[in-house]
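As structure tokens, the structure follows; a few thoughts come after it.
The values are calculated or read from the model by the stated rules, or taken from the named source; none is laboratory data. Predicted, not measured: the structure shown is a model, and the values here were computed from it. Please note: Cβ atoms are built from the backbone with ideal geometry, for glycine as well, and neighbour counts cover all protein chains shown. Each accessible area value is taken on the protein alone, full model and side chains, heavy atoms only, with ligands, DNA and RNA left out. Shrake-Rupley method; radii C 1.70, N 1.55, O 1.52, S 1.80 Å.
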Amino acid sequence: LCINVGSKKKLNASRLMGLINEGLNSSDAEIGKIEIMKKFSFFEIEETVTDKLIKALKDQIFEGVPLLVEPSQDKPNFYNPPKAGGSKHVGYGKRNSKRGERKWSKGGGGRQKRRKR
């Protein structure tokens with residue numbers, strides 16, 4: 001399963017297990033691998049309690065965030081990272097002082113060697 005909170009909201013493995021146990025009102029569920037990311041987390045749990053846990057955590061709030069739990073995919077539906085605008089070098093380049101636009105170059109940047117004249 002995937003949950004929409006991660007280390008940025010101070011979630012760790014023991015807090016996640018506590019959320020799961022509280023949601024199920026039991027500590028009998030077998031919890032497998034846990035992977036805490038920055039903004040969301042993945043965890044394995046036995047299939048027999050999956051639906052019950054999703055419903056139980058639906059109305060819960062963790063560190064000010066309403067919880068969303070769903071079966072995991074490559075990227076969870078609730079995680080939509082900002083688009084980079086087509087450039088791999090976001091945040092670099094020179095500003096055109098008149099319009100505030102950035103000019104991008106294909107150069108590698110970094111330190112250049114001195115040339116003899």
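Return the only residue of Gly23, Gly18, Gly32 being at pLDDT below 95 and assigned to a strand (DSSP E or B).
Numbers: Gly23 fails: assigned to a strand (DSSP E or B); Gly18 fails: assigned to a strand (DSSP E or B).
Result: Gly32 is the single residue among Gly23, Gly18, Gly32 that is at pLDDT below 95 and assigned to a strand (DSSP E or B).
Scanning region 46-57 for residues that are among the β-branched types (Val, Ile, Thr) and over 12 Å from Val69 (Cα atoms), which turns out surrounded by the fewest Cβ atoms within 10 Å (Cβ to Cβ)?
Thr48
Among the residues of region 42-61, what is the count of those that are more than 15 Å from Glu30 (Cα to Cα) and polar (S, T, N, Q)?
1
State yes or no: is Val49 of a type in the set (A, V, I, L, M, F, W, C) and in contact (Cβ under 8 Å) with a residue 40 or more places away in the chain?
Details: of a type in the set (A, V, I, L, M, F, W, C): yes; in contact (Cβ under 8 Å) with a residue 40 or more places away in the chain: no.
The answer is no for Val49.
Which of (1) among the polar types (S, T, N, Q); (2) in contact with a Lys or Arg (Cβ under 9 Å, 6 or more places away or on another chain); (3) open to solvent by 40 Å² or more (accessible area, probe 1.4 Å) does Gln60 not meet, given it meets every other one?
All conditions are met except number (2).
Scan region 1-37 for residues that are loosely packed, with under 15 Cβ neighbours inside 10 Å, within 14 Å of the chain's Cα centre (by Cα) and closer than 16 Å to Ser72 by Cβ and jot them down.
Within region 1-37, just Glu35 meets the criteria.
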